[in-house]
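Below is one structure, written out as structure tokens; comments come after it.
What follows draws every value from the coordinates through simple rules; no lab data is involved. Fair warning: this is a prediction, and the values are worked out from it, not measured in the lab. All Cβ positions, glycine included, derive from the backbone under ideal geometry; neighbour counts span all protein chains shown.
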Amino acid sequence: MFTFRLKQVFIVLFLFGAVCGRASEAFSDTLSGAPDLSQEIGVEQQVQRYTVRGKIRQLPTTPSGEVFIRHEPIPAYRDRDGRVVGMHAMTMPFWLGEGVSLQGYEVNDTVEFVLESQWAPTPIDRIVSIRKLGDLTPIIGGSEALQY
């Protein structure tokens with residue numbers, strides 16, 4: 001009787017161990033299939049750069065203010081997770097990066113600018129360089145319908 005009971009205990013322990021082992025494997029498989037958080041954080045902190053064309057709609061009203069530009073679509077724009085989601089053509093405000101000046105620029109100037117986009121630690125899109133294009137340069141997505 002004691003031997004029979006001992007076998008039952010061993011069988012229960014064996015099955016319990018097997019189930020726990022399977023759960024452990026399943027858990028590790030789940031972890032291996034999950035996104036690498038350090039990599040995800042890296043994507044958020046990574047700076048993306050896009051060359052964009054647009055038309056100045058409003059110049060900054062203060063030295064540290066934003067310039068409003070109606071820009072073309074940005075098809076390669078990446079979201080917080082690093083996925084390419086694109087951005088529609090629209091008018092939106094942009095901060096100017098350090099050393100970027102709009103001296104000599106006017107409303108309706110057609111420009112090409114380098115947009116630097118970063119999601120962490122605080123999401124920000126800023127212009128790090130800008131240059132005038134000819135007034136006859138066509139801008140794709142010229143509708144004023146989309147406003148930021």
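Rank these for me by crowding, Met92, Met87, going from fewest to most other beta carbons within 10 Å.
Result, fewest neighbours first: Met92, Met87.
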* Once amide H atoms are placed 1.01 Å from N in the peptide plane, what residues at a sequence separation of 5 or more from Ile69, or on another chain, have their amide H within under 5 Å of its amide H? -> Arg57, Met92, Phe94
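So if I average 1/r over every pair of distinct C-alpha atoms in region 47-146 and take the inverse, what Kirkwood radius in Å does that give? Show your work: numbers first, answer last.
Details: mean 1/r = 0.0725 Å⁻¹.
After inverting the mean inverse Cα-Cα distance, the result is 13.8 Å.
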